[in-house]
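Take a look at the structure set out below.
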Amino acid sequence: MPRSGFSGSFRSPKIDVVIDMGNPFLNRTVDGFLKIGAVGACKVAAEETFECLHRGDVSKHKVEHALRKMCKEGAYWGTVAGVYVGMVYGVERVRGRSDWKNAMIGGALSGALISGASNSDRGKVVKDAITAGAVATAVEFINCIT
């Protein structure tokens, strides 16, 4: 019985924008803010485009609403990413080594900081810190595998 298959690899194009703020901490934080903020804005753009196509109507009001939502969501995602990247860099500098533990500690610190800024329930802040640390650690391990 004949068989066919596909073998190969796919790499996405890498886009790198370098903004020199004069400080490595600021450089990484701004880089994380811009890259992940753009992802958040693109997510909203895709959702709003789908909604307009699904409903079959586009108006000036809907476009303005979509742009405001893109900016808000992009700023939120970018801020979260900037805090995380800054925390990981700070932990790396304090510990003096670069390993998965930096991601775990940085994730937990940024999860606690962001959660603490948005609610006052200590139990929720601790849960969010543990979750963020676990997710950051998992991502670090997955990056090491590939």
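Observations on the model:
- K62 surrounded by fewer than 19 Cβ atoms within 10 Å (Cβ to Cβ), among the charged types (D, E, K, R), modelled with pLDDT of 95 or more and over 16 Å from the mean Cα position of the chain (by Cα): no
- Matching residues, region 117-132, being assigned to a helix (DSSP H, G or I) and more than 19 Å from Y76 (Cα to Cα): R122, G123, K124, V126, K127, I130
- Residues located in region 65-109, provided they are basic (K, R), without any contact (Cβ under 8 Å) to a residue 12 or more places away in the chain and surrounded by 14 or more Cβ atoms within 10 Å (Cβ to Cβ): K101
- Pairs meeting the criteria (first residue in region 23-49 and surrounded by fewer than 14 Cβ atoms within 10 Å (Cβ to Cβ), second residue assigned to a helix (DSSP H, G or I), beta carbons under 6 Å, at least 6 apart or on different chains) are F25/Y89.
- I130 vs. criteria more than 14 Å from the chain's Cα centre (by Cα), touching a residue at least 12 places away in the same chain (Cβ under 8 Å) and either surrounded by 13 or more Cβ atoms within 10 Å (Cβ to Cβ) or in the same structural domain as T29 (by TED's automatic domain parsing) (or both): yes
- You will find that of V44, V94, the residue that is assigned to a helix (DSSP H, G or I) and closer than 21 Å to M21 by Cβ is V94 and no other.
The values are calculated or read from the model by the stated rules, or taken from the named source; none is laboratory data. Computed from a predicted structure; not experimentally measured. When we count neighbours, we look across all protein chains shown, and the Cβ atoms used for this are built from the backbone with ideal geometry, even at glycine.
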